[in-house]
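The values are calculated or read from the model by the stated rules, or taken from the named source; none is laboratory data. Every value quoted in this text rests on a predicted model; they were computed, and no experiment measured them. Heads up, the Cβs are rebuilt from the backbone with ideal geometry, glycines too, and the neighbour counts pull from every protein chain shown. These area figures cover heavy atoms from the full protein model, side chains too; ligands, DNA and RNA do not enter into them. Shrake-Rupley method; radii C 1.70, N 1.55, O 1.52, S 1.80 Å.
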Amino acid sequence: MNALITGASRGLGLALVTRYAARADWHVFAVARDPDASEELARAVRDSGGRITVVTADVAMADAGMTIASKVGGKTLDLLVNNAGAMDEHELADLTQDDLVEIFKVNAFAPLLVTQALRKKLASGAKIVNITSVLGSIARAGEGYLAYGMSKAALNMLTKKLASELHDVAVLSLHPGWVQTRMGGPGASITVDTSADGMVRVIDGFDRRRSGSYLAYDGSNIPW
Ligand SMILES: NC(=O)c1ccc[n+]([C@@H]2O[C@H](COP(=O)([O-])OP(=O)(O)OC[C@H]3O[C@@H](n4cnc5c(N)ncnc54)[C@H](OP(=O)(O)O)[C@@H]3O)[C@@H](O)[C@H]2O)c1
């Protein structure tokens, strides 16, 4: 079995990489834009006994999909996790077009373009997991995180569109909870281990019958 996970340098992406690489029958393609800057990823690679291949790609760049696809080569993928994500905390009064383009490139365009590039490499029955946020829920929209919420709502639409268009794979929008990573901050409500263990359980139990779902790390449904 082969998985490809973006945003593998730290946080939740790295935690997912180590979990799948710990499974004897899995190989993981770990995508990071600057892998040499991550000692944790280097350690995970050393400890994996050859089960992790590092792919250097900045998912915000237009050619990232091609770079990633060529590294995967002739292998088929059973799991694609579009995890790389960026935060933006500008408020309505000071958001610029550049801020918006930047966050949409990482959080919404990249998952589409990486999926597009890898489409033909996805095994029948493969799972595409888009790491979203509850802040992308239109039903629960509140004050703050304007650009981030918009970008994750766009990502959620991608989940629905892919679920409608790709009949041989299962597509999921997965909210990791509020997690103690660089993005979530030290005051977040759950640890990386709690979130990653929960997400792996949800992904393991997920299949085509529920394609197009919006779930949290504990398996609960989130309203769109
Ligand atoms: N933490 C939370 O509370 C929380 C809540 C809801 C959703 N999420 C989502 O969970 C996912 C993982 O976030 P996290 O909490 O683990 O945050 P994190 O620790 O800040 O990690 C973000 C990851 O995304 C990568 N990344 C960002 N821009 C990239 C780019 N242009 N190309 C390649 N990689 C890029 C980062 O790589 P570098 O090391 O190179 O910067 C890093 O590996 C994100 O999609 C985030 O939106 C997190």
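Laid out as a table, the results:
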read-out: Rel. contact order, % - alpha carbon contacts under 8 angstrom, at least six apart, the chain; value: 18
read-out: Gaussian network model of the chain, springs between alpha carbon atoms under 10 Å - residue of Leu135, Leu118, Leu100 with greatest fluctuation; value: Leu100
read-out: Within the accessible area of the chain (1.4 Å probe), percent carbon and sulfur; value: 52
read-out: Spatially close lysines, pair count over the chain: Cα under 13 Å, gap of eight or more or interchain; value: 5
read-out: Gaussian network model of the chain, Cα within-10 Å springs - most flexible of Thr115, Thr18, Thr191; value: Thr191
read-out: Helix 146-165 vs. the chain, principal-axis angle (Cα, 0 to 90°, nearest 10); value: 50
read-out: Largest to smallest principal axis extent of the C-alpha atoms in the chain, angstrom; value: 49, 39, 34
read-out: Cα gyration tensor of region 42-155 - equivalent ellipsoid semi-axes, whole Å, descending; value: 30, 15, 14
read-out: Net charge, Val200 excluded, C-beta distance under 11 Å - Lys, Arg +1, Asp, Glu -1; value: 0
read-out: Residue of Leu162, Leu95, Leu146 that the Gaussian network model of the chain assigns the largest fluctuation, springs spanning Cα pairs under 10 Å; value: Leu95
read-out: Heavy atoms of Val179: accessible area, 1.4 Å probe, square angstrom to 10; value: 10
read-out: Karplus 3J(HN,Hα) series, Hz, for region 87-99 with 6.51 cos²θ - 1.76 cosθ + 1.60 (x for Gly, Pro); value: 10, 9, 10, 4, 9, 3, 5, 10, 5, 10, 4, 4, 4
read-out: Cα gyration tensor, region 95-165 - rounded (a/c under 1.5), prolate or oblate; value: oblate
read-out: Tail beyond 18 Å, pair distance distribution of region 1-64 (Cα, percent); value: 24
read-out: Heavy-atom surface of region 2-216, accessible at 1.4 Å and reported per residue (Å²); value: 48
read-out: Glu165 accessible area, 1.4 Å probe, all protein chains in place, Å² to nearest 10; value: 130
read-out: Nearest-10 value in Å² for the accessible area of Thr76, using the 1.4 Å probe; value: 70
read-out: Spherically averaged projected area of region 136-224 from its Cα convex hull (nm²); value: 6.0
